[in-house]
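Below is one structure. I have some questions about it.
The values are calculated or read from the model by the stated rules, or taken from the named source; none is laboratory data. What you see is a predicted model, and the numbers here were worked out from it, not measured in a lab. As a convention, Cβ positions derive from the backbone with ideal geometry for all residues, glycine included, and neighbour counts pool all protein chains shown. To get the accessible areas, we keep the full protein, side chains included, count just its heavy atoms, and leave off ligands, DNA and RNA. Shrake-Rupley method; radii C 1.70, N 1.55, O 1.52, S 1.80 Å.
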Amino acid sequence: MTVTAIDRELRPHASGAGMDRVITRRRLPRWVLASAGAIGIGGAALGLYAVAPRADSQQVERAKLQISPVTSGIFEDFLPLRARVTPLVTVYLDSVEGGRVEKVLVEDGATVAKGQLLAVLSNPELQLSFLARQTEVTQQLNSMRSQELALEQSRLRNARDLAEADLGLQRAERDLDRQAPLAQRGFIAGRAFDETRDNLGYQRRRRALIAQTMASDDRLQTSQLAELRRAAGSIQASLAYARASLEGLNLRAPVAGTLSSFSIQVGQSMGRSERLGQIDSPGRNKLIADVDEFYLGRVQLGQHGTVSINGRDVGVRVTKLYPQVKNGQFQIDLQFDAAEPAGLQRGQTLQAKVTLGDAKPARLIPNGAFYNDTGGNWVFVVTADGGAAVKRAVRLGRRNADYIEVLDGLDPGERVLTSPYTGFADKNRLDLSN
């Protein structure tokens, strides 16, 4: 291009036709921008989801877990227990009325015979009360005896009156029989004969009235005597009870056996119904064991078991259940099937085992602390690659100290977590890290 041409191009046109032109920008369609934004947001969300932890999963170190396989075997349905030796029969000694200890005649741990005097107590208030009661009873009994005497005297008077009436009636009948033929012949005046006949009628009525009175009195006296005798028996019984309470100050052994927990001292004051000691049956013991409340419905009377004594198993049976649950446990009594082994000491602890059912083939998993967290309703099952453990619903059956019976949900060869599930029981998946 020549200089003249260039100059002409740069020189502004007089008409303004040579000014710069406005260039219009071309924008992308809105739908393209919206699609790109959505794609970006979705990609960011996927990225965050990939790197963020899942709410229903948790990463756990494999070394902190116990992984156990599901196996097939024979399930032995037994319950292991720790049992302690206690006396078969224990009779407690209580202070019935209370009082002050005056004498102690035996020592704790002694072997006593039935009726043997163990200690003597004193209670002045009780003794004065007994004397007052004895005086009152004596007065009441004397009053009753006076009433009985009066009734007896009344009965005797009635009997005497009846005898006199019989005698008068006999005389009147005899007089009438004697005078009747004489009156017919005119030797006795009619007025005298009429008086004799009237006397006979009177004697008959008098005798009948006395007999009726006597019968009525006999019925009343019989009833009164019965009431008096019952009242006397009740009074005598109350006096005997008061005497027994007083005699209770002399503490005697109710049964023969070994005296224990008997630590009272002379001069000590004992309250009413206070425990003084106990007498244990000699040479006869039983076992008491604490059982988890889970087995409350499965332990039954008569179930058999064994107890290990000096390396030898001895047969026992369940003889009593105590259904009261305390601290998650209840108690049972066990007694020996045969003669009691020698050398047992009160308080001794023994290892026992109670059989709950027959041994049967079953799928088994080791018994572990996980059961307390799941109740046997689900477990964490390790995946085939071993990288995770997934929650799975299962149905578990009987348990013993070593194994749990699998009823449904697990197959032999699978692996489950049997350690405690504390900290991740609410998760559905565990990622296992080395």
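Tell me whether the stretch 361-371 contains one or more residues that are over 19 Å from LEU296 (Cβ atoms), modelled with pLDDT under 90, of a type in the set (Val, Ile, Thr) and more than 30 Å from the chain's Cα centre (by Cα). So that I can check it myself, show each step before the final result.
Here is the first cut: in the stretch 361-371, the ones over 19 Å from LEU296 (Cβ atoms) are 361-366, 368-370.
Filter once more, so that each one left must be modelled with pLDDT under 90: 368-369.
The next check asks that each one be of a type in the set (Val, Ile, Thr); those that pass are none.
No, the stretch 361-371 has no match at all.
Is one or more of the residues making up the stretch 188-201 in a loop (DSSP other than H, G, I, E, B), open to solvent by 60 Å² or more (accessible area, probe 1.4 Å) and farther than 30 Å from GLU148 by Cβ?
Yes.
Pairs under 6 Å by beta carbon, first residue more than 14 Å from LEU141 (Cα to Cα) in the stretch 231-257, partner open to solvent by 60 Å² or more (accessible area, probe 1.4 Å) and part of a helix (DSSP H, G or I), six or more apart or different chains?
What qualifies is ALA242/ARG133.
Follow-up. Return a yes/no flag: does the stretch 315-334 have any residue that is assigned to a strand (DSSP E or B), over 29 Å from the mean Cα position of the chain (by Cα), in contact (Cβ under 8 Å) with a residue 24 or more places away in the chain and under 30 Å from SER68 (Cβ atoms).
If we filter the stretch 315-334 for residues that are assigned to a strand (DSSP E or B), which is where we start, we get 315-326, 329-334.
Next, from what is left, pick out any that are over 29 Å from the mean Cα position of the chain (by Cα): none.
No; the residues of the stretch 315-334 include none that is assigned to a strand (DSSP E or B), over 29 Å from the mean Cα position of the chain (by Cα), in contact (Cβ under 8 Å) with a residue 24 or more places away in the chain and under 30 Å from SER68 (Cβ atoms).
Across the stretch 335-369, what is the number of residues that are in a loop (DSSP other than H, G, I, E, B) and polar (S, T, N, Q)?
Filtering the stretch 335-369 down to residues in a loop (DSSP other than H, G, I, E, B) leaves 337-348, 356-359, 367-369.
Still in the running and polar (S, T, N, Q): 345, 348, 367.
Summing the residues that are in a loop (DSSP other than H, G, I, E, B) and polar (S, T, N, Q) in the stretch 335-369 gives 3.
Report yes if some residue within the stretch 132-142 is touching a Gly at 6+ places or on another chain (Cβ under 6 Å) and in contact (Cβ under 8 Å) with a residue 24 or more places away in the chain; otherwise report no. Walk me through it before giving the result.
Restricting attention to the stretch 132-142, the residues satisfying the condition of being touching a Gly at 6+ places or on another chain (Cβ under 6 Å) are none.
Within the stretch 132-142, none of the residues are touching a Gly at 6+ places or on another chain (Cβ under 6 Å) and in contact (Cβ under 8 Å) with a residue 24 or more places away in the chain.
Residues checked against (1) of a type outside the set (A, V, I, L, M); (2) in a helix (DSSP H, G or I); (3) open to solvent by 60 Å² or more (accessible area, probe 1.4 Å); (4) under 30 Å from ALA226 (Cβ atoms):
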{"position": "ARG100", "(1), (2), (3), (4)": "yes, no, yes, no"}
{"position": "VAL106", "(1), (2), (3), (4)": "no, no, no, no"}
{"position": "VAL120", "(1), (2), (3), (4)": "no, no, no, no"}
{"position": "GLU125", "(1), (2), (3), (4)": "yes, yes, yes, no"}
{"position": "LEU128", "(1), (2), (3), (4)": "no, yes, yes, no"}
{"position": "ASN142", "(1), (2), (3), (4)": "yes, yes, yes, yes"}
{"position": "ARG145", "(1), (2), (3), (4)": "yes, yes, yes, yes"}
{"position": "LEU151", "(1), (2), (3), (4)": "no, yes, no, yes"}
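Suppose we filter LEU396, LEU356 for residues that are in contact with an Asp or Glu (Cβ under 8 Å, 6 or more places away or on another chain), crowded, with 16+ Cβ neighbours inside 10 Å, touching a residue at least 60 places away in the same chain (Cβ under 8 Å) and within 19 Å of PHE294 (Cα to Cα); which single one remains? Reasoning before the result, please.
Details: LEU396 fails: touching a residue at least 60 places away in the same chain (Cβ under 8 Å).
Step by step, each of LEU396, LEU356 is checked, and only LEU356 is in contact with an Asp or Glu (Cβ under 8 Å, 6 or more places away or on another chain), crowded, with 16+ Cβ neighbours inside 10 Å, touching a residue at least 60 places away in the same chain (Cβ under 8 Å) and within 19 Å of PHE294 (Cα to Cα).
Which of (1) open to solvent by 60 Å² or more (accessible area, probe 1.4 Å); (2) under 30 Å from GLY397 (Cα atoms); (3) outside any strand (DSSP E or B) does GLY302 not meet, given it meets every other one?
It fails just one condition, (1).
Report every pair of residues separated by at least 6 positions or lying on different chains whose Cβ atoms are under 8 Å apart, first residue within the stretch 59-74 and under 15 Å from ALA388 (Cα atoms) and open to solvent by less than 30 Å² (accessible area, probe 1.4 Å), second among the aromatic types (Phe, Trp, Tyr) and part of a loop (DSSP other than H, G, I, E, B).
VAL60/PHE424
Which condition number does LEU350 fail, the rest of (1) farther than 21 Å from GLY73 by Cα; (2) exposed (fewer than 14 other Cβ atoms within 10 Å of the Cβ); (3) among the aliphatic types (A, V, I, L, M) being met?
That leaves (2) as the condition not met.
Which is closer than 15 Å to GLY277 by Cβ and either among the polar types (S, T, N, Q) or modelled with pLDDT of 80 or more (or both), of GLU107, GLU152? I'd like the intermediate steps shown before the answer.
Details: GLU152 fails: closer than 15 Å to GLY277 by Cβ.
The conditions single out GLU107.
Can you find, within the stretch 245-262, the residue that is nearest to ALA113 (Cα to Cα) among those that are of a type in the set (A, V, I, L, M) and more than 32 Å from the chain's Cα centre (by Cα)? Steps first, answer last, please.
From the stretch 245-262, those of a type in the set (A, V, I, L, M) are 246, 249, 251, 253, 255-256, 259; that's our starting set.
Now drop any that are not more than 32 Å from the chain's Cα centre (by Cα), which leaves 246, 249.
Values: LEU246: 22, LEU249: 18 Å.
It comes out as LEU249.
What strands (runs of 3 or more DSSP E) lie completely within the stretch 210-280 and have 1 or more residues being at positive phi and in contact with a Pro (Cβ under 6 Å, 6 or more places away or on another chain)? Outline the logic, then answer.
Details: elements: 250-252, 257-260, 274-280.
The strands (runs of 3 or more DSSP E) meeting that bar are 257-260.
For the subset of the stretch 238-253 comprising residues that are small (Gly, Ala, Ser) and either over 10 Å from VAL96 (Cα atoms) or surrounded by fewer than 18 Cβ atoms within 10 Å (Cβ to Cβ) (or both), which member is modelled with the highest pLDDT? Before the answer, list the steps.
Restricting attention to the stretch 238-253, the residues satisfying the condition of being small (Gly, Ala, Ser) are 238, 240, 242, 244-245, 248, 253.
In the following step, the residues that additionally are either over 10 Å from VAL96 (Cα atoms) or surrounded by fewer than 18 Cβ atoms within 10 Å (Cβ to Cβ) (or both) were identified as 238, 240, 242, 244-245, 253.
Working: SER238: 77, ALA240: 79, ALA242: 75, ALA244: 77, SER245: 76, ALA253: 90.
Among those that are small (Gly, Ala, Ser) and either over 10 Å from VAL96 (Cα atoms) or surrounded by fewer than 18 Cβ atoms within 10 Å (Cβ to Cβ) (or both), it is ALA253.
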